[in-house]
Amino acid sequence: MTRTPARRLSDVAKKVGVSEATVSRVLNGKAGVSDGTRDAVLTALDVLGYERPSKLRGQRARLVGLVLPELQNPIFPALAEVIGGALAQRGFTPVLCTRTAGGLSEADYVDMLLDQHASGVVFAGGHFAEVAAPHDHYRLLRTRGVPVVLINAAIDSLEFPCVATDDFAAAGQAFNHLAALGHERIGLLLGPEDHMPSRRKLAGFEEHARRVGISHAPVEHALFSLEGGQAATSRMLREGVTGVICGSDVLALGAIRAVRRAGLTVPGDVSVVGYDDSAWLNCTDPPLTTVRQPIESMGKSAVALLVGQMEATAAQSEELLFEPELVVRGSTGPAPVRVLAQGSPSARACVRCAGRTAAGSAENYHGYLLGLAMVRPARPSSA
């Protein structure tokens, strides 16, 4: 339905809480209106979907696009809350843009934000972290001089400021935790192979595995979903892993499901480590051990970088790396102990194998895991 000029004045005046006469003065470029009121009227025009008068179109709205890949992963709503609050405190209106299957793409949202004269855009996860994804819309934003901040590790060629957790360090923290618990057959479950944060985690994982003399450790790639985590973990269980490090908490939940479907327990038979520390994961069964991203600090830093670009003549393509934090809960425990009948050939073989494992032979341990079925420690019989 086409809105009449009178309807537009009424809608904007109601949105801002001023008279229609004040809105008219702003739209016609007349004096007698404070800068704050003028900005509020122009922002209301953009939010309500009205076109600005041609003489005002060169002015940027105080809208900031917040582009997210999804809302099902709890980490993204958490980021949106922090970023939206920080933007509002600085007088900006956040516009949430979420990709959905069959819906608008990142490029579509960028076109919309440019049409609305947005002051800037924050991308929290997205195509900028994927080598094989389209990137032309990022270059369009740079060409137009729109301030942009990326949250998560990005490909090298975009040259935007970036805020990220140190993925290399995160993988190392998770690996060292499981190794300290006696695990030697540790698997890594990541997102797609072209995903930059996953590549950094893989580098950290492989480096720490080399340090302890493990030449082969299973690595699986999957979509960031519970089903993807379950399928990939099922494959690793066939290789005898006793610990699984996951690239997200959602993948970790899928890993736990796979372990249970295999008739095993967490952490009695297999330990699982997540990544993100979503708010509700201390309520799972068992509570999830995970690597926490400092969402509060990252979100506020992203907004500070964005506003800094608005106030400066040029953007610095720097990357701020934040230190992750291992949060130990109930999904990790000591490497499983296998109990066999005393004196049996298998038991004697187990003792010899355990001795060689203690001496640092990852290959013998691998054979031990593949050759023996996992069992829980024996309970003493009742009198």
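Listing for the model above:
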| read-out | value |
| --- | --- |
| DSSP bridge orientation in the stretch 167-293 - percent antiparallel, rounded to nearest 5 | 0 |
| Nonlocal amide H pairs with Phe322, under 5 Å, H built at 1.01 Å | Ala164, Thr165, Asp166 |
| Where trypsin sites (Lys or Arg not before Pro) fall in DSSP loop in the stretch 215-282, at most 14 other Cβ within 10 Å | Arg238 |
| FRET efficiency for Arg7 and Ala88, using Cβ-Cβ distance with R0 set to 35 Å, rounded to 0.05 | 0.80 |
| Cut-off 13 Å (backbone N to label point 7 Å along Cα→Cβ of Gln72), residues of the stretch 98-125 | 99-102 |
| Label-point gap, in nm, between Arg142 and Glu323 - each point 7 angstrom along Cα→Cβ | 3.2 |
| Nearest-0.05 FRET efficiency for Ala31 and Asp285, computed from C-beta distance (R0 45 Å) | 0.10 |
| Packing rank of 156-166, 266-276, 299-309, where each peptide gets the mean count of other beta carbons within 10 Å, highest leading | 266-276, 299-309, 156-166 |
| Rounded FRET efficiency, nearest 0.05, which uses the C-beta distance separating Leu48 from Glu193 and R0 of 45 Å | 0.55 |
| Protection-proxy order for peptides 15-25, 114-124, each taking the mean of Cβ atoms within 10 Å per residue, highest first | 114-124, 15-25 |
| Most to least packed among 127-134, 84-91, 139-146 [average Cβ atoms within 10 Å] | 127-134, 84-91, 139-146 |
| Residue-by-residue Karplus 3J(HN,Hα) for the stretch 74-87, coefficients 6.51, -1.76, 1.60, Hz, glycine and proline x | x, 5, 6, x, 5, 5, 4, 5, 5, 5, x, x, 5, 5 |
| Loop-located GluC sites (Glu not before Pro) in the stretch 186-290 whose Cβ has at most 13 other Cβ within 10 Å (DSSP) | Glu193 |
| Long-range HN-HN contacts of Asp277 with modeled amide H, under 5 Å | Asp249, Val291, Gln293 |
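Taken together, the values in this text are just the output of simple stated rules run on the coordinates, not laboratory data. Not measured: the values here are computed from a predicted model. No Cβ is skipped: glycine too gets one built from the backbone with ideal geometry, and neighbour counts run over all protein chains shown.
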